[in-house]
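First the structure, in the form of structure tokens, and then the observations on it.
Each reported figure results from applying straightforward, stated rules to the coordinates on display, with no laboratory input. Because the structure is a prediction, the values reported are computed rather than measured. Ideal geometry is used to build each Cβ from the backbone, glycine not excepted, and the neighbour counts take in all protein chains shown.
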Amino acid sequence: MKITNIQKVTELRTSLKAIFLFSFLTLAPSYFSQGEGLFKAKCATCHAVFKNGTGPKLYEARKRWDDAGEGELIYEWVRNNAALRASGKSSRANEIFQEYKGSVMSVFADLTDDQITSIFDWVDAQDPNAQAAGGPNIAAVSGVEMEEEKGLPWIWIVMGVMFSIIIMAVGGVRRQLKIATKESDEDSEGLTYVEEFKTWAWKYRLYVGLTTLVLVLSLVVGFFQTLYSINLMESYQPSQPIAFPHDVHAGVNGIDCKYCHNSVTKSKSAGLPTVNVCMNCHKKIDGEGKEYQGEINKIYAAAGWDPSRGPSGEYTNETKPIVWNKVHNLPDHVYFNHSQHVVVGGLDCKQCHGDMAKLKELAKVQPHQELNKIQENIDSKIEFDRATMTMGWCIQCHEQSSINITDGKSGYYAEIHNRLKENDYNLLNQYNEDGRVSVKELGGWECSKCHY
Ligand code: HEC
Ligand code: HEC
Ligand code: HEC
Ligand code: HEC
Ligand code: HEC
Ligand code: HEC
């Protein structure tokens, strides 16, 4: 049988398709999970999908704004609700703000229309019936139990598909090899696989060359994609609207981190303080005559406070939100939860953020060399050689961190411990073999714990 040109072209097309499918699948999931990721990263601390909490339920929020004839303004609301309220353009904005008096929504100035749409698309695609039937409450504020019931993580789907493609491709090549070598020379029987393949590759060198080129190109693209998404930003220092010094507050004045980052023990994100928190102290500490008075005046401008009015200052009601720049940001497909680490894991902020009480520069997760100098890490025998904010860093700590599952400080471990004691004494002993139980042994290396 002769292989026709048509057949060759079909063959080539199949390979190309496989390659495109491959590249698409490797890149696509981050797109599809965008809405969900954004919701969890930015909104879930205050909003649930179906239940009112700190903020109203977001299910069909878009519809509510449409019904009020203000469908377009919802984007402005999400980006800067205070500005929208101040503009007087929207009655829905003022209505909902009145209803939730006392709670103020954060500002998300950097969200694009597409990103906001993706959040609402994802929210509205959730199934209210599943919820009523006791389905997973995606936005449970605690977040700790949140990931437990997650289904197949996308990474396995991608790997499964890739694997099948490779199997199919190899199968196809084998078949072609058979056909090709049979009709070219009969005595190819004694050839090894490699020689067989070489003959075949030479015969169809044009197509093999092209396919290789495309393959190499997609690998290069993939490689750079990966590079860009890696957080090699250890020295990234954006400028902030107010030169807020951590050393003065947390260091010299010994203010507890949780005073300002008060959601750190309760939720996924640590949160940034509102201007009202600053005003608790800075109404009095006005910096008059000091070189930093300009910075304090910025707080006053944001809070709408005029220190020259009245006997000791008055609110003018002209507020403008402080838009802090986020110093670092994990990719959307990674789930990191503060309360899990600080409360359940009992870690000190220092172990990841370094000693901020002495820090002159902007606060952040400090480079691993700095973290290795922190006493708590030395005491816990944690030593990093992976750059912080990378997957290697998380995983290394999960291997090195021991958990005291019997100290009873956390109900979470007490329960695991009891369950093991009753049901699986061998496993408990196995965990304890090296005299300690690591986070890894309790599932801290499972992909789905960290990846959506
Ligand atoms: C710090 C808490 C907080 C965060 C974070 C937050 N919100 Fe809100 N949101 C609120 C509160 C509180 C309200 C009620 C209005 C008010 O008091 O300002 C609200 C109201 C809303 C409304 C109006 C709902 C309605 O029924 O009209 C929408 C829409 C909304 N938020 C979307 C979002 C989105 C999208 C995000 C994430 C990008 C987000 N919010 C993040 C607290 C928050
Ligand atoms: C302890 C948490 C943790 C676990 C467990 C974990 N990852 Fe990750 N992973 C991360 C973090 C954090 C990043 C982002 C790193 C970055 O931005 O450089 C990441 C990034 C990735 C990336 C790269 C995506 C990109 O942005 O370039 C892939 C692929 C990946 N993980 C796959 C896996 C697989 C497969 C497993 C299970 C074997 C796994 N991860 C387990 C935390 C984890
Ligand atoms: C008086 C209030 C206050 C106290 C106390 C405080 N912080 Fe902050 N923190 C802020 C403000 C305001 C910002 C935003 C400005 C900035 O990035 O410096 C911030 C930012 C941060 C950031 C970076 C946020 C980002 O965008 O990624 C980290 C990390 C941080 N703080 C950790 C801590 C730790 C750890 C402590 C305790 C040692 C602490 N903070 C104590 C007010 C405070
Ligand atoms: C618990 C009280 C407290 C809170 C809350 C607080 N500060 Fe301060 N702040 C202080 C004290 C005390 C000083 C030091 C005053 C001095 O040394 O003269 C200070 C100093 C400052 C300075 C000048 C520091 C310098 O030396 O350059 C700035 C800027 C500042 N604070 C900003 C903020 C901002 C922004 C917030 C809100 C995120 C905030 N502070 C919240 C107590 C507080
Ligand atoms: C296990 C490591 C770890 C510990 C412990 C830890 N953090 Fe963080 N922190 C991080 C990571 C990682 C990020 C970046 C999260 C992101 O970008 O989503 C972060 C971000 C932050 C931010 C920026 C705002 C946010 O919520 O993303 C603040 C503020 C912060 N941490 C404060 C604290 C405080 C206060 C403590 C102690 C009570 C603490 N952190 C303990 C790892 C840690
Ligand atoms: C300083 C050490 C340390 C670092 C760094 C660290 N973790 Fe953890 N992590 C812990 C400890 C300790 C626990 C145990 C708490 C628990 O089991 O709930 C934990 C638990 C977790 C869990 C829950 C695991 C489970 O079995 O339920 C997740 C998810 C997680 N970490 C994600 C991350 C991610 C993502 C990063 C990197 C961005 C990270 N961690 C970095 C120490 C660390």
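A few points about this structure:
- Each label point was placed 7 Å from the Cα along the Cα-to-Cβ direction; for S103 and N372 their separation is 4.5 nm.
- As a calculated quantity, the FRET efficiency between D348 and E415 at R0 = 25 Å, using C-beta atoms, amounts to about 0.55.
- Order of K283, K326 under a 10 Å beta carbon neighbour criterion, fewest first: K326, K283
- Judged by the ratio a/c of the largest to the smallest principal axis of the C-alpha gyration tensor, the stretch 46-132 counts as prolate, that ratio being 1.5 or greater while a/b is larger than b/c.
- In nm, spacing of pseudo-spin labels at E72 and N276 (7 Å Cα→C-beta vector): 3.3 nm
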